[in-house]
Structures are given as structure tokens and as C-alpha cells.
There are 2 protein chains.
Amino acid sequence: MDKIRIIEVKQSVFEDNNKDAENLRQELKNKGTFLLNLMSSPGSGKTTTLTKTINALKDEMTIAVMEADIDGECDAHTIKDTTGVKVIQLHTGGMCHLDAEMTRQGVNELGVDGVDFAILENIGNLVCPAEFDTGSSKNAMILSVPEGDDKPLKYPLMFTICHAVVINKIDTLSVFDFDIEKAKERILKLNPNAEIFPISAKTGEGIDAWVDWCRRQVKEWQSK
Amino acid sequence: MDKIRIIEVKQSVFEDNNKDAENLRQELKNKGTFLLNLMSSPGSGKTTTLTKTINALKDEMTIAVMEADIDGECDAHTIKDTTGVKVIQLHTGGMCHLDAEMTRQGVNELGVDGVDFAILENIGNLVCPAEFDTGSSKNAMILSVPEGDDKPLKYPLMFTICHAVVINKIDTLSVFDFDIEKAKERILKLNPNAEIFPISAKTGEGIDAWVDWCRRQVKEWQSK
């Protein structure tokens, strides 16, 4: 296994996270790097979705990944081994989310010169990451079928701040009591502009529409 | 649907959460009330596991439940409608965990005189709730099969502070790539005293051993 660089990121000493985030977003805009902040519960399939997404796009653009975790680096190894793109591991020292300053430390260590599409895989948590603007260009989240269609009712902020919601593990719909139309309705009630992508990262079903959304975001970010 | 009482709980203004927690634990001990703090990711099956557990025990002891959520009260209704025990809903105002003071506010509103077994269903989150002693007698968590057997590697603190780990949704083992022996080994490496209960809250498989663990905890708490 290749060695993965591990960065210990520290929370901002500054008060104004929103301003930090806006500055980082503008800097990334000037560099032509689209940064996607990808969030979800633990175990929803972020890493598998990412490897499929990266492999579908890596021939047309330069991609780099920041894997954030409390501890461990198994996802960073998975991404590196299955896609070959540049990956670093961010450790948050127990913190449950990333703020803009932590993201900036990651971006600086990763190096985004010439990177078209940078991806931050946030801590697996539906609560705290939703409260902190990371400076990303767009936010996306994954809700997996086994978690249940009631999650938008319980974690409304997360569904409100995401531009795209991936509903993953649709290959297991027959096993779980998950009403996909009800889930969509609940998401759109909170966030009428959300784009929703039912997929199975495992079988590949639905992944093209999601990949196409990512492709469009990168192109729009670089052209405006 | 019966009306559910909703309590807005506020974080402690005091610094010393550990002392608050120890005081609450002692007060509950004096009252003979065993308080279980039940934690997990979103959608791991806490509520379904609880309804099965309560229905198995409610004829032998008095049970009461505090449902904690960022928003909504659907789980509180489910518990009330399917078990008939006393339930209140705690809303945390966006907070990602409960501390001892918030738990005390809940305990006071719930009323635990004559209650043998009180249950706190914590916020669905594998990170922050692990960092705050709630004053509970014991901690338990649920890891569900769809989340993956790597979760102890990524969220080590949660697995370290729990006296019991329930592995739920074992009826879906054939659908997911989850190695139950590997999961057990990873949990026991972090926490050699953890008691591990593979169950399916849906089919009832394995639930008796978990219910028996709860029964023993309540009896030991009341006899010492």
C-alpha cells in the first residue's frame, strides 16, 4: 500500500467562519478549482460513491481528494488504490466537523494548482458538518436506503444546505421499508432546489446522472 | 395520535460536565432508576430495537423513555404508540449531543419516581455523544450491518465508552459485505469488556440476549 500523507487540522482561532469560507471559495474560484463538500451519516457509502465518480471523470479532468476522519486512514487508501488520484488524509483530533480554516489547511497541504475538481469527504455525521461553511463551491450529501426515509424530518439542516442529495444503496430497496417518493418529497419540502440522484454505488445504477451533475458543476465553476 | 410532551433542553452553563454527570448518576442510584444512554448513527434502528426491548420487559418493570432529536417527534410517537410507556421528546435546539445538564432537565420533566428503567435515546451521531457523560448508569450503542464493519476503526471513542454494542440488522448480512467476526474483533480490541449482541430488531433474532443484558443491569443497579 502506498503511504498516505496525514494532516492534523486544527479549528480556526478566528471567530468569523463565514468570512473565512467566503475567502477560501473566492481563492478556489480564481484558481479554477471546484471544491465539493460531501457529507453523510457513517456508512452511507461516501467512499464507494467517490471511487465510482472519480473513475468516471478522471480522464477528462484533474481530481484530488481530502479524506477527513476522526481517526484511521482506510478510506484514503481505498481512494488511492482504486483511482490513483492525489489523496491526503485529514485528522480532526476528535472534532466532529470541518470548518473553513481546517479545510484551508487541507487545501494548502493537498495543493490544488491545476486541480479542476477537489473533493472533501467530510466526517460521517448528519448534524455538525451542516452548521459550518467549509468554503466549498457546492455541498452534496448521501442518504442511504438502510437509514430510512424519515431522515429529512430529523436532520433538516443537512438536507437544506445541500445542493445535491444522493440516495444510495437503491439495490437494497426490496430489503428495507424505504419509500423513495416520500423521501424525495420530504427533501424538496425543505429544499425545493435540491437535485436528487437515486443510485447504487455498488451496481452502478443511476451513477451516470450523478456524475453528469458533478461534471456540469466543475464546468460552470470554471466558466463563470 | 396521543400528544407527546416536547422539552427544549439547554446546554449546561457549568464547566464541569463530569461532575454534573456523577451527581445525576448518584441521584438516580438513590432513586433506584437505571438510566441507559443509547447511541448510534442515524438510521441504525434505535427506535425499533427500543420498542422490542420495552415490550419484552414492560410487564416486569416500570420503563420510561426520553427521545432526543434535533427536530421532529416521530420516534417518540412510535415508542408511545407501540409500547404505551411514558415518553417525552427532548429537542436540543440544533445541538449534536446531550450533556449531563440537558439529561437532568429531561429526567426532571420525565419524572422517574418509581421508574426502574429509564432510557435516553440520544441524537443519531457517532462522534459528539461519545464525548459527553450524560449521567447514565450504562452506555450502549447500535452498529447496523449496512454501516460496515470498519466503523470501530473510524469512530473509536464511541466503541470504547460503551458497555454494550448491539449489531443490528443481521437479517441483511447476505446483502452487505459485513464481516461480523472482524467487527467483533475490532470492537474488543478497543474495549475488551464490551458485551456484543448481534440482533435483528426486525425479525427478533438475538433480541433475547440483549433484553437479558438490560434486565441484569437494572437488577444489579437496584441491588448494589
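The values are calculated or read from the model by the stated rules, or taken from the named source; none is laboratory data. Given the structure is predicted, the values throughout are model-derived calculations rather than measurements. So basically every Cβ, Gly included, is an ideal-geometry build from the backbone, and we count neighbours across all protein chains shown.
List the pairs whose first member sits in segment B:178-200 and is buried (at least 19 other Cβ atoms within 10 Å of the Cβ), whose second member is basic (K, R) and assigned to a loop (DSSP other than H, G, I, E, B), and whose Cβ atoms are under 7 Å apart, counting only residues at least 6 apart or on separate chains?
B:S200/B:K169
Considering segment B:116-131 alone, what residues qualify as being surrounded by 22 or more Cβ atoms within 10 Å (Cβ to Cβ), more than 8 Å from chain A (Cβ to nearest Cβ) and not in a helix (DSSP H, G or I)?
Residues of segment B:116-131 surrounded by 22 or more Cβ atoms within 10 Å (Cβ to Cβ): B:117-130.
Now drop any that are not more than 8 Å from chain A (Cβ to nearest Cβ), which leaves B:117-122, B:129-130.
Scanning segment B:116-131 gives B:F117, B:A118, B:I119, B:L120, B:E121, B:N122.
Could you run through segment B:209-223 and say how many residues are touching a residue at least 40 places away in the same chain (Cβ under 8 Å) and either exposed (fewer than 14 other Cβ atoms within 10 Å of the Cβ) or within 20 Å of B:M39 (Cβ to Cβ) (or both)? Walk me through it before giving the result.
Taking segment B:209-223 and keeping what is touching a residue at least 40 places away in the same chain (Cβ under 8 Å), we get B:210-211, B:213-215, B:217-218, B:221-222.
Subsequent filtering for residues that are either exposed (fewer than 14 other Cβ atoms within 10 Å of the Cβ) or within 20 Å of B:M39 (Cβ to Cβ) (or both) retains B:210-211, B:213-214, B:217-218, B:221.
Count: 7.
Scan segment A:22-64 for residues that are free of Cβ contacts under 8 Å to residues at least 40 places away in the same chain and either of a type in the set (K, R) or not in a helix (DSSP H, G or I) (or both) and jot them down.
Passing the criteria: A:K58, A:D59.
Taking A:D75, is it of a type outside the set (A, V, I, L, M), crowded, with 24+ Cβ neighbours inside 10 Å and in contact with a helix residue (DSSP H, G or I) (Cβ under 8 Å, 6 or more places away or on another chain)? Steps first, please.
Values: of a type outside the set (A, V, I, L, M): yes; crowded, with 24+ Cβ neighbours inside 10 Å: yes; in contact with a helix residue (DSSP H, G or I) (Cβ under 8 Å, 6 or more places away or on another chain): yes.
When the stated conditions are applied, A:D75 passes them.
Please go through segment A:194-205 and pick out each residue that is closer than 14 Å to A:T172 by Cα and small (G, A, S).
Here is the first cut: in segment A:194-205, the ones closer than 14 Å to A:T172 by Cα are A:198-205.
Scanning segment A:194-205 gives A:S200, A:A201, A:G204.
Quick check, is A:V166 away from chain B (no Cβ under 14 Å), closer than 30 Å to A:N23 by Cβ and part of a strand (DSSP E or B)? Working first, answer last.
Numbers: away from chain B (no Cβ under 14 Å): yes; closer than 30 Å to A:N23 by Cβ: yes; part of a strand (DSSP E or B): yes.
Considered against the rule, which asks whether it is away from chain B (no Cβ under 14 Å), closer than 30 Å to A:N23 by Cβ and part of a strand (DSSP E or B), A:V166 comes out as yes.
Within segment A:83-111, can you find the residues that are over 11 Å from A:L24 (Cβ atoms), touching a Gly at 6+ places or on another chain (Cβ under 9 Å) and buried (at least 19 other Cβ atoms within 10 Å of the Cβ)?
Residues of segment A:83-111 that are over 11 Å from A:L24 (Cβ atoms), as a first pass: A:83-98, A:109-111.
Narrowing the set further to residues that are touching a Gly at 6+ places or on another chain (Cβ under 9 Å) leaves A:86, A:88-91, A:98.
Residues satisfying the conditions are A:I88, A:Q89, A:L90, A:L98.
Select from segment B:54-90 the residues that are hydroxyl-bearing (S, T, Y) and touching a strand residue (DSSP E or B) at 6+ places or on another chain (Cβ under 8 Å) and write down the one among them that is farthest from the other protein chains (Cβ to nearest Cβ). Steps first, please.
Going through segment B:54-90, the residues hydroxyl-bearing (S, T, Y) turn out to be B:62, B:78, B:82-83.
Next cut, touching a strand residue (DSSP E or B) at 6+ places or on another chain (Cβ under 8 Å) only: B:62, B:83.
Details: B:T62: 28, B:T83: 18 Å.
Taking the candidates together, the pick is B:T62.
Only one of A:D133, A:D150 is in contact with a Cys (Cβ under 8 Å, 6 or more places away or on another chain) and either acidic (D, E) or modelled with pLDDT under 95 (or both). Can you tell me which? Full working, then the answer.
Numbers: A:D133 fails: in contact with a Cys (Cβ under 8 Å, 6 or more places away or on another chain).
The conditions single out A:D150.
Per-residue answers, yes or no, for (1) touching a Ser or Thr at 6+ places or on another chain (Cβ under 7 Å); (2) modelled with pLDDT under 95; (3) not small (G, A, S):
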position: A:N17; (1), (2), (3): no, yes, yes
position: A:E60; (1), (2), (3): no, no, yes
position: A:D71; (1), (2), (3): no, yes, yes
position: A:A76; (1), (2), (3): no, yes, no
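Looking at segment A:144-163 only, could you name the residues that are more than 7 Å from chain B (Cβ to nearest Cβ), of a type in the set (S, T, Y) and within 17 Å of A:I199 (Cβ to Cβ)?
Listed by number, the list is empty, since nothing qualifies.
Run A:S136 past the list (1) touching a residue at least 60 places away in the same chain (Cβ under 8 Å); (2) more than 10 Å from chain B (Cβ to nearest Cβ); (3) surrounded by fewer than 22 Cβ atoms within 10 Å (Cβ to Cβ) and report the number of the one that doesn't hold.
The one condition A:S136 does not meet is (3).
Answer yes or no: is there a residue in segment A:91-108 that is within 27 Å of B:L143 (Cα to Cα), assigned to a strand (DSSP E or B) and within 14 Å of chain B (Cβ to nearest Cβ).
Within segment A:91-108, one or more residues are within 27 Å of B:L143 (Cα to Cα), assigned to a strand (DSSP E or B) and within 14 Å of chain B (Cβ to nearest Cβ).
Could you list, in sequence order, all residues of segment A:136-163 that are in contact with a Ser or Thr (Cβ under 9 Å, 6 or more places away or on another chain), assigned to a loop (DSSP other than H, G, I, E, B) and of a type in the set (G, A, S)?
A:S136, A:S137
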